[in-house]
């Protein structure tokens with residue numbers, strides 16, 4: 001695992017190549033045990049995983065659900081559904097809800113209990129790439145247990161904005177930006193430009 005440490009905090013970098021490996025491992029676990037008719041991807045990260053997963057397991061019917069619970073990487077709020085599931089009835093479908101990580105577990109718990117279950121799926125299961133040891137919700141399928149903040153390849157600029165102040169404060173500008181550069185896989189000049197653009 002590609003772990004970076006800053007004080008008490010740990011960060012795991014997931015490259016696109018590693019992401020594909022994780023999705024393939026997840027697909028193998030799923031295909032060895034069950035067949036699904038529908039994937040529900042949790043926006044944003046879970047939808048990325050669901051799309052890649054659908055290609056491997058051959059499920060073309062995918063629906064997004066949008067929710068948020070993070071204020072930033074250090075603070076959470078209540079889970080808020082901002083894009084509901086648009087299908088009315090899942091009564092004859094085996095449904096797999098897909099997210100990138102079960103962190104607190106609140107997001108998956110809310111989506112399963114309040115969004116998907118009321119649509120009466122024939123069977124309902126969950127899958128994530130990662131699970132945190134403290135998650136209150138355990139997915140039916142997952143690949144790795146991780147106790148670090150995960151930096152996925154689709155959120156590099158978001159992470160630059162959120163992490164740069166902490167890295168620079170702890171390490172100084174040059175060293176902080178260099179470490180952030182390694183973590184997100186962008187060169188220091190691009191990080192500086194991104195920080196200027198983000199204000």
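The values are calculated or read from the model by the stated rules, or taken from the named source; none is laboratory data. Keep in mind that this is a model prediction, so the values were computed, not measured. All Cβ positions, glycine included, derive from the backbone under ideal geometry; neighbour counts span all protein chains shown.
What to note about this one:
- Applying the condition of being free of Cβ contacts under 8 Å to residues at least 24 places away in the same chain and assigned to a strand (DSSP E or B) to region 79-102 and asking which residue is farthest from residue 130 (Cα to Cα) yields 82.
- Check on residue 176, over 30 Å from residue 127 (Cβ atoms), more than 22 Å from the chain's Cα centre (by Cα), without any contact (Cβ under 8 Å) to a residue 40 or more places away in the chain and surrounded by fewer than 17 Cβ atoms within 10 Å (Cβ to Cβ): no
- Residue list for region 1-32, filter: loosely packed, with under 13 Cβ neighbours inside 10 Å and under 15 Å from residue 140 (Cα atoms): 32
- Flag if residue 43 is buried (at least 17 other Cβ atoms within 10 Å of the Cβ), modelled with pLDDT under 95 and touching a strand residue (DSSP E or B) at 6+ places or on another chain (Cβ under 7 Å): no
- Test: residue in region 140-155 that is farther than 20 Å from residue 29 by Cα and without any contact (Cβ under 8 Å) to a residue 24 or more places away in the chain: no
Yes/no per residue for (1) in contact with a strand residue (DSSP E or B) (Cβ under 7 Å, 6 or more places away or on another chain); (2) part of a helix (DSSP H, G or I):
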position: 104; (1), (2): yes, no
position: 117; (1), (2): yes, yes
position: 124; (1), (2): yes, no
position: 128; (1), (2): yes, no
position: 161; (1), (2): no, yes
position: 165; (1), (2): no, yes
position: 169; (1), (2): no, yes
position: 177; (1), (2): no, yes
position: 193; (1), (2): no, yes
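- Residue list for region 145-159, restricted to those being in a helix (DSSP H, G or I) and in contact with a strand residue (DSSP E or B) (Cβ under 7 Å, 6 or more places away or on another chain): 159
- Selection status of residue 81, closer than 18 Å to residue 113 by Cβ and at pLDDT 85 or above: yes
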